[in-house]
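A.B. asks: Below: one structure in C-alpha cells.
The values are calculated or read from the model by the stated rules, or taken from the named source; none is laboratory data. Model, not experiment: these values are computed from the prediction. Cβ coordinates were reconstructed from backbone atoms using ideal geometry, including for glycine residues, and neighbour counts include every protein chain displayed. Ligands, DNA and RNA are stripped out before the accessible areas are found, and what is left, the full protein with its side chains, is counted by its heavy atoms. Shrake-Rupley method; radii C 1.70, N 1.55, O 1.52, S 1.80 Å.
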Amino acid sequence: MSGLAALKKHRYWAGLVVLSALIATAALVAVNKTSRFELEREALVAANRLTAQMLNEPDALFYALASPSFRTQFAEILDKSGYAHRVLRYELYDSAGQLAFTSGLAGLQLDGELATLLVSPSGEAPKVALFQSQNPGAPSDFASLTLPLDLSGESRGTLVVYLDQSDQATALAHYFGLVIGITLALLGAGIAVPAGFAWMRGPERRKAEAQLRYLEEHDALTGLSNRKTFGESMAAAIERMHRDRTHIAVLCLDIDKFKEINEAADHSGGDQVLRDIGARIQATLREGDLITRLGGDEFAIALVDITNLGDVMAFMTRLVEALRRPFQVAGKDMLVTTSVGIALAPGDGDTAATVLRHAGIALARAKGDGGQRMCFFEHGMDKALQRRRTVEHELRLALGREEFEVVYQPQYDLATERQCGSEALVRWQHPVHGKIAPGHFISVAEDTGLIVPLGEWVLRRACTDAAKWPESFIVAVNLSPAQFRDGDIAETVAQVLNETGLPPERLELEITENLLINDTEEVLGKLNRLRQLGVAIAMDDFGTGYSSLSYLARFPFSKIKIDRQFIRNMTRDPAMRAIVKTIIALGKSLDVTITAEGVETQEQAAMLREFGCPQVQGFLYGYPGAADLEGMAQSGKVTPISAARSSAA
Ligand code: C2E
Ligand code: MG
Ligand code: MG
C-alpha cells in the first residue's frame, strides 16, 4: 500500500491526531497568556492599593521626600498596605525625578537601561511591568510598579516598587498545569477509547470488509463470479489469448422453460435449481475457465486455452453428462434441459463484449429452434434475431388490427367414410407478406405470451363458426402450454362456449406432449376441469415430443393424433409401420380414438384402413381452408372422401 493510500485509509485517525495536537498547542498558548494577564492584573491591584495608601498619609510622604531620615515613617506606610512582605525594593523619586531614597535591598540586579525606564516619573496612572529572573538569589517572577504620587493635583514624586510575584506565579502554574493535565487527559481518552474499540473491532471489521468485497465480486444466489468480475477476468483472458495465439470459447447457457420450473417448485425451489446448475457447471470446468450468472436463468462460461474445436466438444460432453442427472426440488426429482449458444474468440469477436453478445445471439437461435440444443454463432444470425424481433413487434400490432383468420382442415371417419369435424388452424393475413403459416409466428407468440390473447381469439372464432355447422361436426382447436400457464384456461373455454352457444361435446382441444413434460399437478387439474366442462382433449403430434406412455395413463385423453412424420414414412419403413400399428392397437385397448395426421396418398390411406385406424386428416382429404358448409351438409349422403379429394386437387 502506498503512503498516500495508507493516509487515505487512516484519514480519520490522522485527522484526530492533528486536531488533538492543535488543541494542546492552543491550550498551552492560552494558559501562558492567561497567567501573564493574571499576574499583570494582580500587580495593578497592588499598585492601586499602594498609591491609595501613600496618598492617605500625605505627611509621611512629605517628610520622606524632604529627608531620607524619615524613611522609617515611609516604611510604615508600606507596612500598612499589606504588601510590605512582598516588596523586594522600592525607590522614591522627588518631583524633579531625583532619587530621594531607596530601600537599598540587596540581591536584586537591574540593568541600567531597565532602571532608567522605570525611573522616568510620569504624573499619570500607575504602571506595571512583569519580569522573570533566572538569578538564583532573586525571585523567579516579580513586577515593577511605577506609582505617580500626586497631591492636590501637584506631582510630589514617583514611587517605584518591585513586588515579588513568585508565589502567585507558582500558584497559577499549578492551577494551569492541572487544567492542561485534565485537558490532555480528556483528549487522550478521546483518542484512546475509540482507538481501543477500533483495535478490538479490527478482526470483526476486516471480516465485514472481506464479506463486502465478496458480495461486490460474486452473485449472491449462486456464489459464482458476478458479471463485472467475469468481464474483468475475460478481458485479461483475451489479452493472454492474443499473446499465446490460442482461442477462447464463450458459452451462454439458458435453462429451458425455467418459468415452469419456478411455478412447479415455487421460487425457493427454482433458486435451488440455479444453485445446483451453477455448482455442476463449475465442477466441469478446468482451472482458468470462467463462469458467471448473467442474471435470471442465464449463465456465461468462458473456456480458455482452446486450441481446437475438440476441446469445446469435450466440454459439452462433460456438461451434458453433469446436467443429465435429475435435480432434487422440494423432495421431487426434476429433469432440466438447457440451451447453449457458443461463440469463439477471436474469430467471432476479439473483445469480451462482442464474443459474449454473439454467444447470446447463438443462444437465442438455439431457444428459437425449440431449446434443448446447442448452437454455434454464425455471421448472419444477428439478422435472423432481428427478423424475430420484427415478427414480435408486428405480431403485437396484428393482434390489435385483427389480421388473423382461421382456416379449417377436415377430419374423416374411415369406417363411415364421412367427415366428422375440422381442425381450426390460424393464418396471419400480413398486410405486406400476405398469408403466413403458423410455423412462422406461433413460437414467437409463445415466447412473448402473445399466444394467450391470440389463442383465445382463435377459440372464439372457431366456436362461433362451428356453432353454424351440422350437429355431428366437431371442431378441434390447438392450445399452447403458455395458455395453461397464464390465466385460467377452463374459465376462458367455459365463457367462450357460453357466448357462442356451442355444445361442449362438439369442441376438442388439442394439446402436445410438451405441456406434460414437467407435468405439474396444476396442469392435470386444469385438464380435468376442462374435461368436466364436457370438452374432449386430444394429444396432438403424438410421438414427436418426449413421448412417454405414462402420460396416457395419467390423463384420460379422448383422442391421440399420430404425428404426420410416422404416416409419411410408414409405407417404406417397417419400423414406422410397426409404430403406427401399435399406436392404433393401443388406442383400441385404451378406448381412445386415433387420428392419423398428414395422410397424402391412397397407399397411406389403404394401409391405415387395414390397421383399423378410426380417423384420418391430411391433404388427401382436404387442405386447410374456409369451412365447406355445403359439403358438410351433404356429408351424410355422399362418400365425401372422393368429393373432398377432387376439391383438394
Ligand atoms: P398441427 O396442430 O399438427 O396441425 C396440422 C398441421 O399439419 C397444419 O399445419 C396442416 O396444414 C398440416 N397438414 C395437414 N395435413 C397435411 C398433410 O397431408 N401433409 C403435410 N405435409 N401437412 C399437413 P399448419 O396449419 O401450418 O399448422 C402448423 C402447426 O401450428 C399446427 O400443427 C399447430 O401445432 C400450430 N397451430 C396452428 N394453429 C394454431 C392455433 O390456433 N393455436 C396454436 N397454439 N397452435 C396452432
Ligand atoms: Mg393440431
Ligand atoms: Mg398435429
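A.B. asks: From (1) open to solvent by 40 Å² or more (accessible area, probe 1.4 Å); (2) within 12 Å of ligand 1 (Cβ to nearest atom); (3) more than 53 Å from the chain's Cα centre (by Cα), pick out the condition that doesn't hold for GLN604.
C.D. replies: Of the numbered conditions (1) open to solvent by 40 Å² or more (accessible area, probe 1.4 Å); (2) within 12 Å of ligand 1 (Cβ to nearest atom); (3) more than 53 Å from the chain's Cα centre (by Cα), the odd one out for GLN604 is (1).
A.B. asks: Next up: So the check is Cβ under 7 Å with 6+ separation or different chains; which pairs have a first residue in the range 42-53 that's more than 13 Å from PHE142 (Cα to Cα) and free of Cβ contacts under 8 Å to residues at least 40 places away in the same chain and a second one that's open to solvent by 60 Å² or more (accessible area, probe 1.4 Å) and part of a helix (DSSP H, G or I)?
C.D. replies: Between residues of the range 42-53 that are more than 13 Å from PHE142 (Cα to Cα) and free of Cβ contacts under 8 Å to residues at least 40 places away in the same chain and residues that are open to solvent by 60 Å² or more (accessible area, probe 1.4 Å) and part of a helix (DSSP H, G or I), the close pairs are GLN53/LYS80.
A.B. asks: Which residue, of ASN528, ASN498, ASN514, is of a type in the set (S, T, N, Q) and within 12 Å of ligand 1 (Cβ to nearest atom)?
C.D. replies: Details: ASN528 fails: within 12 Å of ligand 1 (Cβ to nearest atom); ASN498 fails: within 12 Å of ligand 1 (Cβ to nearest atom).
Answer to the selection: ASN514.
A.B. asks: I need a count of the residues in the range 545-570 that are more than 24 Å from VAL535 (Cα to Cα), open to solvent by less than 40 Å² (accessible area, probe 1.4 Å) and polar (S, T, N, Q). Let's see the steps before the verdict.
C.D. replies: So the first thing to find is which residues in the range 545-570 are more than 24 Å from VAL535 (Cα to Cα), and the list is 546, 564-570.
Restricting the remaining residues to those that are open to solvent by less than 40 Å² (accessible area, probe 1.4 Å) gives 566-567, 569-570.
Next cut, polar (S, T, N, Q) only: 569.
Adding up the residues that qualify gives 1.
A.B. asks: Just the residues that are charged (D, E, K, R), away from ligand 1 (no atom under 11 Å from the Cβ) and surrounded by 14 or more Cβ atoms within 10 Å (Cβ to Cβ), please, taken from the range 397-435.
C.D. replies: GLU403, ASP413, GLU417, ARG418
A.B. asks: Could you list all residues from the range 436-474 that are within 16 Å of ligand 3 (Cβ to nearest atom), open to solvent by 20 Å² or more (accessible area, probe 1.4 Å) and part of a helix (DSSP H, G or I)?
C.D. replies: Listed by number, the residues that qualify are PRO438, GLY439, ILE442, SER443, GLU446.
A.B. asks: Next up: Do we have LEU39 as open to solvent by less than 40 Å² (accessible area, probe 1.4 Å) and closer than 18 Å to LEU145 by Cβ here?
C.D. replies: yes
A.B. asks: In the range 549-571, how many residues are of a type outside the set (A, V, I, L, M) and within 16 Å of ligand 1 (Cβ to nearest atom)? Step through it out loud before you land on a result.
C.D. replies: Going residue by residue through the range 549-571, those that are of a type outside the set (A, V, I, L, M) are 550-551, 554-559, 561, 563-566, 568-569, 571.
Cutting the leftovers down to within 16 Å of ligand 1 (Cβ to nearest atom) gives us 557-559, 561, 563-566, 568-569, 571.
Final tally of qualifying residues: 11.
A.B. asks: Another question, then. State all residues of the range 344-379 that are part of a loop (DSSP other than H, G, I, E, B) and either under 27 Å from ARG240 (Cα atoms) or not assigned by TED's automatic domain parsing to the domain that holds LEU303 (or both); if no residue qualifies, say none. So that I can check it myself, show each step before the final result.
C.D. replies: Of the residues in the range 344-379, the ones part of a loop (DSSP other than H, G, I, E, B) are 346-351, 369-373, 377-379.
Scanning the range 344-379 gives PRO346, GLY347, ASP348, GLY349, ASP350, THR351, PHE377, GLU378, HIS379.
A.B. asks: If you don't mind, there's one more thing I want to ask. Among the residues that make up the range 385-407, is at least one of them closer than 19 Å to VAL250 by Cβ and either of a type in the set (Ser, Thr, Tyr) or in a helix (DSSP H, G or I) (or both)? Step through it out loud before you land on a result.
C.D. replies: At the first step, the residues of the range 385-407 found to be closer than 19 Å to VAL250 by Cβ are 385.
Restricting the remaining residues to those that are either of a type in the set (Ser, Thr, Tyr) or in a helix (DSSP H, G or I) (or both) gives 385.
Within the range 385-407, one or more residues are closer than 19 Å to VAL250 by Cβ and either of a type in the set (Ser, Thr, Tyr) or in a helix (DSSP H, G or I) (or both).
A.B. asks: Something else about it: Tell me whether the range 244-252 contains one or more residues that are at pLDDT 90 or above and in a helix (DSSP H, G or I).
C.D. replies: Checking the range 244-252: at least one residue is at pLDDT 90 or above and in a helix (DSSP H, G or I).
A.B. asks: For ARG206, only one of the following conditions fails: (1) within 34 Å of the chain's Cα centre (by Cα); (2) touching a residue at least 60 places away in the same chain (Cβ under 8 Å). What is its number?
C.D. replies: Against the list (1) within 34 Å of the chain's Cα centre (by Cα); (2) touching a residue at least 60 places away in the same chain (Cβ under 8 Å), ARG206 comes up short only on (2).
A.B. asks: Any chance the range 250-267 includes a residue that's open to solvent by less than 40 Å² (accessible area, probe 1.4 Å) and over 30 Å from GLN483 (Cβ atoms)?
C.D. replies: Yes: the range 250-267 contains one or more residues that are open to solvent by less than 40 Å² (accessible area, probe 1.4 Å) and over 30 Å from GLN483 (Cβ atoms).
A.B. asks: From the list SER67, SER103, which one is over 60 Å from the mean Cα position of the chain (by Cα) and surrounded by 14 or more Cβ atoms within 10 Å (Cβ to Cβ)? Walk me through how you get there before you give the answer.
C.D. replies: Values: SER67 fails: surrounded by 14 or more Cβ atoms within 10 Å (Cβ to Cβ).
Selected residue: SER103, the only one of SER67, SER103 that is over 60 Å from the mean Cα position of the chain (by Cα) and surrounded by 14 or more Cβ atoms within 10 Å (Cβ to Cβ).
A.B. asks: Since ASP382 meets every condition but one in (1) assigned to a helix (DSSP H, G or I); (2) surrounded by 15 or more Cβ atoms within 10 Å (Cβ to Cβ), which condition does it not meet?
C.D. replies: Result: ASP382 fails condition (2) only.
A.B. asks: Are there helices (runs of 4 or more DSSP H) fully within the range 530-604 with at least 2 residues that are over 22 Å from GLY370 (Cβ atoms) and of a type in the set (S, T, N, Q)? List them.
C.D. replies: On the way: elements: 549-554, 564-570, 574-590.
Answer list for the range 530-604: 574-590.
A.B. asks: Just give me the residues in the range 320-333 being open to solvent by less than 100 Å² (accessible area, probe 1.4 Å) and either closer than 17 Å to PHE258 by Cβ or touching a strand residue (DSSP E or B) at 6+ places or on another chain (Cβ under 6 Å) (or both), in sequence order.
C.D. replies: LEU323, PRO326, PHE327, VAL329, ALA330
A.B. asks: What is the residue count in the range 1-25 for residues that are surrounded by fewer than 15 Cβ atoms within 10 Å (Cβ to Cβ) and either modelled with pLDDT of 85 or more or of a type in the set (Ser, Thr, Tyr) (or both)?
C.D. replies: 4
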